[in-house]
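Everything below concerns the one structure shown next.
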Ligand SMILES: [Zn+2]
Ligand SMILES: [Zn+2]
């Protein structure tokens, strides 16, 4: 409860986003849960402090999947903060090297719910070339919700359902399809990125905005932008155009590899 007796609202901080490292924080009161640690433990703490998040308030780390841009710093940070790491069974198995010596790892079943510090957290399956990748929906005590989906080739009906009614949604806007096609990547990599188990384009994210739109949707954040195949302006424009078409007042923001983006609810 805050000074006025109302339960705390959720906030989200996209501390680092992209193929050079991912780190997201969802905070409720003085408790924080981190999603992925794809930067060094030192850099993770520096970014939390830049965003006004106390590392001592971190209660748990959740992993989305085992790729190095999501797990490279998890071992050192989990040990330093002495917090448990939760992941799907497939991710725990595939990331066992990145998790060695971590005292507490917990399996989080897809679709099941976990309660941490007043937050209810549900993992939902995403479509990516990893063992058992997931996204997360957080529900807070003030009836608000934050949804995070990245590293998915497509948005399945189950993903859209999991994100519906959220107040803050972070959604992957990995590439602009034209930049990817014309860009420097070899053909196999272009095909992998654009595949149904690859990464979501600006256009695919924008096409889902109508399905994600609810009266509650306050902020929509573009995640995991490619530095070769996208620009912040293109991702913003794609999402803003979709929001404007619906006449919604939703705010659009773009996460970055270089600096934290903090999203608060009024
Ligand atoms: Zn990634
Ligand atoms: Zn990945």
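Bear in mind these aren't lab numbers, they're just calculated from the coordinates by the rules spelled out. Keep in mind that this is a model prediction, so the values were computed, not measured. Here Cβ is always computed from backbone atoms with ideal geometry, including for glycine, and neighbour counts include all displayed protein chains.
Give me the percent of DSSP beta bridges within the chain that run antiparallel, rounded to the nearest 5.
The antiparallel fraction comes to roughly 55 percent.
Sort 188-199, 205-216 by packing, meaning the average of other beta carbons within 10 Å per residue, with the highest value first.
Ranking, from highest mean packing down: 205-216, 188-199.
As a check on your grasp of the helix formula, calculate [θ] at 222 nm for the chain: sum -39500 (n - 2.57) over DSSP H runs of n ≥ 4, divide by the residue count, round to the nearest 500.
Per the formula, -7000 deg cm²/dmol.
In which sequence would 226, 256 go, from the one with the fewest C-beta neighbours within 10 Å to the one with the most?
256, 226
Give me the Debye-computed log₁₀ of I(q)/I(0) at q = 0.14, 0.15 Å⁻¹ for region 1-158, equal point scatterers on Cα only, no solvent, two decimals.
-0.63, -0.73
Could you work out how much longer the chain between residue 248 and residue 214 gets when fully extended? Use 0.36 nm per residue separation minus the Cα distance between them, nm to one decimal.
Result for the pair: 11.3 nm of gain on full extension.
Within a 10 angstrom radius of the beta carbon, how do 104, 166, 173 rank from fewest other beta carbons to most?
Lowest to highest Cβ neighbour count: 104, 166, 173.
How large are Rg and Dmax for region 10-258 when only the alpha carbon atoms are used, in Å?
Considering region 10-258 through its Cα atoms, Rg and Dmax are 16.8, 51 Å.
How long is the gain from residue 158 to residue 143 if the chain were fully straight, where each residue apart is worth 0.36 nm and the alpha carbon distance is subtracted?
Full extension from residue 158 to residue 143 adds 3.3 nm.
Considering the alpha-carbon set of region 45-86 alone, what are its Rg and its Dmax in angstrom?
10.5, 28
Can you give the relative contact order of the chain as a percent, counting alpha carbon pairs under 8 Å and 6+ residues apart?
19
Once label points are set 7 Å from the Cα along Cα→Cβ at both residue 240 and residue 93, what is their separation, rounded to one decimal in nm?
For residue 240 paired with residue 93, the spin-label model returns 4.6 nm.
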